[in-house]
Amino acid sequence: MGWVSDTVDSIKSIKVREVLHQLIVLGMIVTTALIIWKGLMCITGTESPVVVVLSGSMEPGFQRGDILFLTMSKDPIRSGDIVVFNIDGRDIPIVHRVIKVHEREDTEDKYYLTKGDNNPMDDRVLYNHGQNWLEKKHIMGRAVGFVPYAGWATIIMSEKPIIKYVLVGALGLLVLTTKE
Amino acid sequence: MHSFGYRANALFTFAVTILGFMCAIASFTDSFNSPSPSVQVQVLKVNWFQKQPNGNDEVSMTLNISADLQTLFTWNTKQVFVFLAAEYVTPKHVLNQISLWDAIIQEKEHSKFTITTSNKYRFIDQGSNLRGKEFNFTLHWHVMPKTGKMLADKLVMPGYRLPAEYR
């Protein structure tokens, strides 16, 4: 109970200037993170340079909770590449391997078929109705490296959003009540 | 400055940074490995070769694949994903790559193997161009590490030809 009255006291004794100072520091931290993220997007050439593996369809190579590093270079996509793609109308990116490539010379059309290593069937069941192939515009990047287990925090926060609110709330409280 | 919170935070940051460095160094040691895999593919039999109702050619074959990929494994290797693709050119499509068979190898001992199998994935052309078609077999491998940079490479075996008539 003493802790509660201490916290209430410290909230009462806040001066406006200190709060503003804390808020600015917080803003700087958030902006720096954003700059780093956008910078990474520029360097790697893809909209999402880092993704978390959400499903078990690429096991045993990639487990749920691994983080993948992606780039999008001008090199053509070839069978065997592990690519991250979006299906029109769905915003969750999927990480699977390209198993078939058909390229036309005259119109620059390129068609790809993908499959998760651990899935028995290729990805046609995942594509939109009537869509049999992926095209270049669906592909967001190619996986070049990974770090195991590092993405679990993101998975927990997106599957149990209450944890996200609890964390942000606790952080906010911490910012407001620390004296330095 | 000496509260539990500060100390825990400092320790955690330090631990994560060291872990990051160790992962990077582990990945770096992979660059000292110079692999020299070998592979041979034989078409034992063309099971059948038909034109589908939608106009696309399809062929089914029994293959004998023998390979030695042991030099690809390092202490930092989690698995090697290997697949065999057929590559050919048609008037309409300047590049076609069809994966016919793949496997995941997790142990170094299992990476020296010989198997006889029919193609795991269907060999279907977009069109009707496969009669008498010359093609390459390409064995691709992806070395997926326990942590760090992935390595992919391939070995091209040219000089295979499909039968001139449907059967």
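Can you tell me which residue is farthest from B:K149 (Cα to Cα) among those in segment A:92-147 that are among the small types (G, A, S) and at the interface with chain B (Cβ under 8 Å from one of its Cβ atoms)?
The extreme case among them is A:A143.
Answer yes if at least one residue in segment A:47-61 is over 14 Å from the mean Cα position of the chain (by Cα), farther than 25 Å from A:E159 by Cα and modelled with pLDDT of 80 or more, and no otherwise.
no
Can you find even one residue in segment A:68-75 that is modelled with pLDDT of 80 or more, assigned by TED's automatic domain parsing to the domain that holds A:K110 and crowded, with 22+ Cβ neighbours inside 10 Å? Checked segment A:68-75: at least one residue is modelled with pLDDT of 80 or more, assigned by TED's automatic domain parsing to the domain that holds A:K110 and crowded, with 22+ Cβ neighbours inside 10 Å.
The values are calculated or read from the model by the stated rules, or taken from the named source; none is laboratory data. Everything quoted here is computed from the prediction, not taken from an experiment. All Cβ positions, glycine included, derive from the backbone under ideal geometry; neighbour counts span all protein chains shown.
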